[in-house]
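The next block holds one structure in the form of structure tokens; read it before the comments.
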Amino acid sequence: MVQALNLALRREMSRDQRVVVLGQDVGINGGVFRVTEGLLDTFGENRVFDTPLAESAIVGSSVGMAINGLKPVCELQFSGFSYQGFYQLEQHAARMRNRTRGRFTCPIVVRIPYGGGIRALEHHSESREAYFAHTPGLKMVIPSGPRKARALLSSAVRDPDPVIFFEPKALYRSIREEIDENEEETFPLGKAELIREGDQITLIAYGAMLPPTLRAAETLEHEDGVGAEVVDLLTISPLDEETVARSVEKTGRAVIVHEAPRNCGVGAEIAARLVERVFLSLEAPIRRVTGYDIPVPYFSRENLYLPSKERILQAARETLRF
């Protein structure tokens, strides 16, 4: 995924001179995860530049550049530090189109590594996508693999409105996919993808939770003879409820998986929309497999916090037995 994101940035910077990259250590060091490696050498210090350790300044500067014709892609090193820039996102970036009655848009992309799985310190592992998805005017994107990461980042850069681009740290170097570097590829924001077809239960996931969800689906088929359909959300806001509802209407059962805390999470929103749209098709209560309503624990206990294949399997089997 690191290489795929780097490829997307290179392509977008090559095709559009207005695209600039900024953030903490994105220039000389190539980013804390090396996503921006080599961009400074290729595009120069006027288009790739390091910033102070000041998230509010990073986002605020990006807003100013955006309404003056540039297309900034800024990086906040970890999601736990993004809250210092939330004021600029909520008060300015998200409201610019409405505030100016369409005279100005705010085409910024805010890249943020997020989530657990690498046993990092406090403020480095949380999954708080609901904060951004709840904010009108922001789009919230979370890729689940290298190919979709490249395609979605290209689409985000070209979008006229602010996009929060969460990158699952656990997937940066754990999954490989074939990508044709010579072919341009985008994927529409606001669209989910049907990853696996089935007719007895729908498993809904995104980001780093897609791999364990797929493993659970395969186990259900091999051990239980159950056809599990898997939907990868990809975009949290706007949510592709049409694809999700169509799948659950067919299968009659749904399990939603995310590593964010359970309370007021994306799973609750999806469950509410499913009840509104396909209630009469449901054969069992909608289940959620999530993180817990606590801070992400340290090191050896982190894996107990994150949803696992076993927890997803248990929820799916209980739903099927209902």
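The values are calculated or read from the model by the stated rules, or taken from the named source; none is laboratory data. Quick caveat: nothing in here was measured; it's all calculated off a predicted structure. All Cβ positions, glycine included, derive from the backbone under ideal geometry; neighbour counts span all protein chains shown.
Test of understanding: among LEU189, LEU203, LEU194, LEU153, which residue is in a helix (DSSP H, G or I), touching a strand residue (DSSP E or B) at 6+ places or on another chain (Cβ under 9 Å) and not small (Gly, Ala, Ser)?
It is LEU153.
Restricting to the range 123-143, count the residues that are assigned to a loop (DSSP other than H, G, I, E, B) and under 20 Å from ARG97 (Cα atoms).
Selection size over the range 123-143: 5.
Looking at (1) at pLDDT below 95; (2) within 22 Å of LEU210 (Cβ to Cβ), find the lone condition where HIS123 falls short.
Single failed check for HIS123: (2).
Examine the range 198-220 for a residue that is among the acidic types (Asp, Glu) and touching a helix residue (DSSP H, G or I) at 6+ places or on another chain (Cβ under 7 Å), and state whether such a residue exists.
yes
Only one of these is of a type outside the set (A, V, I, L, M, F, W, C) and under 28 Å from ARG150 (Cβ atoms): SER300, SER281, SER247. Name it. Step through it out loud before you land on a result.
Numbers: SER300 fails: under 28 Å from ARG150 (Cβ atoms); SER281 fails: under 28 Å from ARG150 (Cβ atoms).
Among SER300, SER281, SER247, only SER247 is of a type outside the set (A, V, I, L, M, F, W, C) and under 28 Å from ARG150 (Cβ atoms).
Going by what's in this entry, would LEU53 be described as of a type outside the set (Phe, Trp, Tyr) and modelled with pLDDT under 95?
Criteria met by LEU53.
Take VAL109 and tell me if it is crowded, with 19+ Cβ neighbours inside 10 Å and in contact (Cβ under 8 Å) with a residue 40 or more places away in the chain.
Here the answer is yes, as VAL109 does meet what is asked.
Can you tell me which of (1) under 28 Å from LEU152 (Cβ atoms); (2) in contact with a strand residue (DSSP E or B) (Cβ under 8 Å, 6 or more places away or on another chain); (3) of a type in the set (Ser, Thr, Tyr) is the one TYR292 doesn't meet?
(1)
Restricting to the range 46-79, give me the number of residues that are part of a helix (DSSP H, G or I) and crowded, with 20+ Cβ neighbours inside 10 Å. Give the steps one after another, and end with the answer.
First, the residues of the range 46-79 that are part of a helix (DSSP H, G or I): 55-67, 79.
Those left that are additionally crowded, with 20+ Cβ neighbours inside 10 Å: 55, 58-59, 62-63, 66, 79.
Number of matching residues: 7.
Could you list, ordered by first residue, the pairs with Cβ atoms under 8 Å in which the first is in the range 18-44 and over 21 Å from VAL63 (Cα atoms) and the second is polar (S, T, N, Q), at least 6 apart or interchain?
Pairs that qualify, where the first residue is over 21 Å from VAL63 (Cα atoms) and the partner is polar (S, T, N, Q), are GLY30/THR36; VAL32/GLN24; VAL32/GLN77; ARG34/ASN6; VAL35/ASN6; GLU37/ASN6; GLY38/ASN6; LEU39/ASN6.
Can you go through PRO162, PRO136 and tell me which one is within 25 Å of PHE81 (Cβ to Cβ), in the same structural domain as CYS106 (by TED's automatic domain parsing) and in contact (Cβ under 8 Å) with a residue 60 or more places away in the chain?
PRO162
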